[in-house]
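Undergrad: Before we start, here is the structure in question, set down as structure tokens.
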Amino acid sequence: MSPDPKSREEAIKRLNARASDLEAATAQKTAEAISATAVTSQAYKIVAELIGGVLLGVAIGFVVDRFAGTTPWGLISGTFLGFGLSIYMARRTANRLMAQAKASGIEPQSIPFDDDEDEER
């Protein structure tokens with residue numbers, strides 16, 4: 001007894017449909033994982049710019065104090081300059097990311113303010 005060719009074709013069609021559904025689900029999960037990784041790496045980059053700018057300013061201020069003999073003023077000035085530099089670099093990176101998101105058609109989502117928590121206290 002050989003199987004009916006029509007039932008075989010239907011089984012193959014069902015199998016192909018299930019395979020394409022599985023492929024679509026896997027592709028979506030992979031895209032979400034790649035997107036999450038990219039967002040995380042950009043966040044770490046901004047944090048590194050904030051910390052690195054301040055540390056660079058402190059190091060430069062320390063060197064200036066050491067060679068110019070202006071102890072604590074070089075360190076204080078370097079810290080403030082490093083802080084300003086780090087804020088500038090982080091803001092520049094954030095603006096670039098916002099421009100990329102806008103160009104790709106992603107709209108920012110507003111988060112509603114919830115006053116209910118304050119009223120309960």
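The values are calculated or read from the model by the stated rules, or taken from the named source; none is laboratory data. Because the structure is a prediction, the values reported are computed rather than measured. In this analysis, Cβ positions are derived from the backbone assuming ideal geometry, glycine residues included, and neighbour counts consider all displayed protein chains. Please note that ligands, DNA and RNA were not included when accessible areas were found on the heavy atoms of the full protein model with its side chains. Shrake-Rupley method; radii C 1.70, N 1.55, O 1.52, S 1.80 Å.
Undergrad: Show me the ranking of peptides 66-76, 47-57, 97-107 by mean Cβ neighbours inside 10 Å, starting with the highest.
TA: Put in order of decreasing packing, that is 47-57, 66-76, 97-107.
Undergrad: Sticking with this structure for a sec: Treating the chain as a set of equal point scatterers at the Cα positions, no solvent, please give the Debye-formula log₁₀ I(q)/I(0) at q = 0.15, 0.16, 0.19, 0.23 Å⁻¹.
TA: For the chain at q = 0.15, 0.16, 0.19, 0.23 Å⁻¹, log10 I(q)/I(0) is -0.91, -0.94, -1.04, -1.18.
Undergrad: A follow-up question, please. Keeping all protein chains in place, calculate the accessible area per residue for the chain (probe 1.4 angstrom), answer in Å².
TA: Spelled out: the 1.4 Å probe surface of the chain, per residue, equals 87 Å².
Undergrad: Here is a follow-up. Taking the square root of 5 times each eigenvalue of the Cα gyration tensor, what semi-axes in Å does the equivalent ellipsoid of region 67-115 have, largest first?
TA: 39, 16, 3
Undergrad: Here is a follow-up. Given a 1.4 Å probe and every protein chain left where it sits, what share in percent of the accessible area of the chain is carbon and sulfur?
TA: 64
Undergrad: Further question: Which value in nm describes the separation of the simple spin-label points at ILE34 and ILE51, placed 7 Å from the Cα toward the beta carbon?
TA: Modelled inter-label distance: 2.9 nm.
Undergrad: Lysine pairs in the chain 8 or more apart or on different chains: how many have alpha carbons under 29 angstrom apart?
TA: Counting lysine pairs in the chain gives 4.
Undergrad: List the pair-distance distribution P(r) of region 29-96, using every Cα-Cα distance, as the percent of pairs falling in each 5 Å bin from 0 up to the bin containing the longest distance, rounded to whole percents.
TA: P(r) for region 29-96, in whole percents per bin: 4, 20, 18, 15, 12, 10, 8, 6, 4, 3, 1, 0.
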